[in-house]
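Input: a single structure, listed below in structure tokens.
Throughout, read-outs are computed from the coordinates displayed, never taken from laboratory work. These numbers were taken from a predicted model, which means no experiment stands behind them. Backbone-built Cβ (ideal geometry, glycine too); neighbour counts: all protein chains shown.
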Amino acid sequence: MSSLPILYSFRRCPYAMRARMAIWASGTAVSLREVVLRNKPAALINASPKATVPVLVLSNGTVIEESLAIIDWALEQNDPNSWADASPETAALINACDEGFKGWLDKYKYADRHPEQSAVYYREQAEGFIADLEQRLSVQRWLGGEQGTRADVAVFPFVRQFAGVDPTWWLDAPYPAVRTWLNDWLASDTFTGVMAKYSPWQPDAPDVIFAKSSGR
């Protein structure tokens, strides 16, 4: 086993994305294992039987299975951007994303799997959350105020997915402040760094060291 913590990840998964962003920003090094979700490695299943990414296995064998817990772990190691924020408002915003918006987003993105309603209907339900973000970002640059916090990091990958379902509609949607916020994150060194492509992990392959200090 690697002496570094091991992160099982999938590049496009928004949960894994937000975990990688926090790890990258903290400058903490981990061994990255890119997973093919249709062919999950036995090592991942052994570490976490639910076998969803991200999963972080610490050097002492402790397994962290939730993306928000991985974010918190990373920021406990180092938080140069002062992203850590345990305020009730931040927690409520992330919960609204994960427990409300995410469900409508999935139906909007995969409307053909949910023929009970139209894609437009599902988008309109999801827009309630986006409208709340617009109101916040119309008076401040980041969701938490004058600087980014774990709320921005946790929510961003899902807004990115939402915007990508129908890019033409999104460009003219009445959410200019959210678009600016989203584009700032998309152009950031953090996002660029965590979206590097890696080959799927194989048990006999050398470790891929994932860290901001690695020069990527």
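The residues of the stretch 144-163 that are surrounded by 16 or more Cβ atoms within 10 Å (Cβ to Cβ) and over 24 Å from R11 (Cα atoms) amount to a single one, G144.
Can you go through M17, M21 and tell me which one is touching a residue at least 24 places away in the same chain (Cβ under 8 Å) and closer than 22 Å to K109 by Cα?
M17
For the stretch 71-88, a residue qualifies if it is without any contact (Cβ under 8 Å) to a residue 60 or more places away in the chain, surrounded by 13 or more Cβ atoms within 10 Å (Cβ to Cβ) and not in a loop (DSSP other than H, G, I, E, B), and the qualifying residues are W73, A74, Q77. From the list E99, E116, E134, the one residue that fits, being free of Cβ contacts under 8 Å to residues at least 24 places away in the same chain and in a helix (DSSP H, G or I), is E99. In summary, A111 fulfils each of the numbered conditions (1) more than 20 Å from the chain's Cα centre (by Cα); (2) hydrophobic (A, V, I, L, M, F, W, C); (3) closer than 18 Å to P174 by Cα with the single exception of condition (3).
With respect to (1) in contact with a strand residue (DSSP E or B) (Cβ under 6 Å, 6 or more places away or on another chain); (2) under 21 Å from Y15 (Cβ atoms), the lone exception for F191 is condition (1). For the stretch 185-210, filtering for residues that are without any contact (Cβ under 8 Å) to a residue 12 or more places away in the chain and assigned to a helix (DSSP H, G or I) leaves 2.
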